[in-house]
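*Asks:* A single structure is presented below for examination.
The values are calculated or read from the model by the stated rules, or taken from the named source; none is laboratory data. All figures in this text were calculated on a predicted structure; none of them were measured in a lab. A quick note on method: Cβ atoms are made from the backbone with ideal geometry, for glycine too, and the neighbour counts reach across all protein chains shown. To get the accessible areas, we keep the full protein, side chains included, count just its heavy atoms, and leave off ligands, DNA and RNA. Shrake-Rupley method; radii C 1.70, N 1.55, O 1.52, S 1.80 Å.
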Amino acid sequence: MTGPALPPGLILAGGKSSRMGSVKALLEVGGDTILGHIVRRLSPQVSGITLNASDDFPNPLGLRLLPDRLAGQPGPLAGVLAGLRDVETRGLSATHLLTVPSDSPFVPTDLVSRLQAGIDVPDAIIITASDGRSHPVFGLWPISIADDLETWLSDPENRRIKAFLQRHRVATIEFPLIETSHGLLDPFFNINTPEDLEEARRFAEVLQ
């Protein structure tokens, strides 16, 4: 008996990385870029990987680039919308799109299987949680919500993911913290500051 088909994957890199002084996804952690770690961990779990980023984004891995459809970098929901419409445009048979952010190098290797196990109704949005916090940018988004999301984003006041989620049925899958010799690692650890980067490098050392 076979499981659900692998979904297409979208790495959300549409935002600016001004706090880090350079393109955050290409910073080095544990012998690879953050983006390289994400792609390596994600590739076996998805049918293909697209990078939600502008056409001029530095792209050393040669990923397929998908810019936002909305101007002004309105946030991750714009990337989700671009990804959903892209699945439709390409005529893929997928029912859901997987999204992950471009600043989290420790993406769980069982992310997709655990999220797919949480699908009890076809139009539910499945998101992740760890250590008492939800992480909606790590999620499975039904292609069927594309029209509602586009309508929602047509109002410039509507940008917050949690507000949009309240319009839909949502299932949250809890992931455990990972025990390491450096301490407990949140699998959804994201890098926003130079201090976060150094912490990620310490974790990468003990995970190798």
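*Asks:* Taking a virtual spin label 7 Å from the Cα of residue 206 along the C-beta vector, which residues in the stretch 89-133 bring their backbone nitrogen under 16 Å of it?
*Replies:* 106
*Asks:* In terms of modelled amide H atoms, which long-range or inter-chain residues lie less than 5 Å from the amide H of residue 29?
*Replies:* 34
*Asks:* For labels at residue 123 and residue 174 in the simple 7 Å Cα→Cβ model, what's the distance in nm?
*Replies:* Distance between label points: 2.9 nm.
*Asks:* A further question follows. Would you work out what percent of the accessible area of the chain, with all protein chains in place, is carbon or sulfur (probe 1.4 Å)? Could you put the intermediate results ahead of the total?
*Replies:* Details: 5050 of 10010 Å².
Taking all protein chains in place, the chain shows 50 percent carbon and sulfur surface.
*Asks:* Let me ask something else. Calculated from DSSP H runs of 4 or more alone, at -39500 (n - 2.57) each and per residue, what is the 222 nm mean residue ellipticity of the chain, nearest 500? Walk me through the numbers before you get to the answer.
*Replies:* Values: 6 runs with 56 residues, N = 208.
The helix contribution divided over the chain gives -7500 deg cm²/dmol.
*Asks:* Counting trypsin sites (Lys or Arg not before Pro) as exposed when in a DSSP loop with at most 16 other beta carbons within 10 Å, what is the longest stretch of the chain free of them? Provide the component values of the computation, followed by the final result.
*Replies:* Details: sites that count: 16, 69, 90, 159, 160, 167, 169.
Between the exposed loop sites, the longest stretch runs 91-158.
*Asks:* Counting only heavy atoms of the protein chains, get the accessible area per residue of the stretch 1-141 (1.4 Å probe) and round it to a whole Å² value.
*Replies:* Numbers: 6060 Å² over 141 residues.
Ligands and nucleic acids excluded, the figure is 43 Å² per residue.
*Asks:* Sort out for me the Cα centre separation of the stretch 94-108 from the stretch 165-193, rounded to whole Å.
*Replies:* 12
*Asks:* Please compute the modelled spin-label separation between residue 184 and residue 160, points set 7 Å along Cα→Cβ, answer in nm with one decimal.
*Replies:* Each label point is offset 7 Å from its Cα along the Cβ direction, giving 2.7 nm.
*Asks:* Then there's this: Nearest 5 is fine: what % of DSSP beta bridges in the chain come out antiparallel, could you say? Walk me through the numbers before you get to the answer.
*Replies:* Values: 14 of 29 bridges.
Antiparallel bridges: around 50 percent, rounded to the nearest 5.
*Asks:* Still on this structure: For the stretch 99-208, which GluC sites (Glu not before Pro) are both in a DSSP coil and crowded by at most 11 other Cβ atoms within 10 Å?
*Replies:* Details: sites: 150, 157, 174, 179, 195, 198, 199, 205; in loops: 157.
Answer in residue order: 157.
*Asks:* Apply the Karplus curve 6.51 cos²θ - 1.76 cosθ + 1.60, θ = phi - 60°, to the phi angles in the stretch 75-89 and return the couplings in whole Hz, x for Gly and Pro.
*Replies:* Result, ordered by residue: x, x, 5, 5, x, 4, 4, 4, x, 5, 5, 5, 4, 5, 4 Hz.
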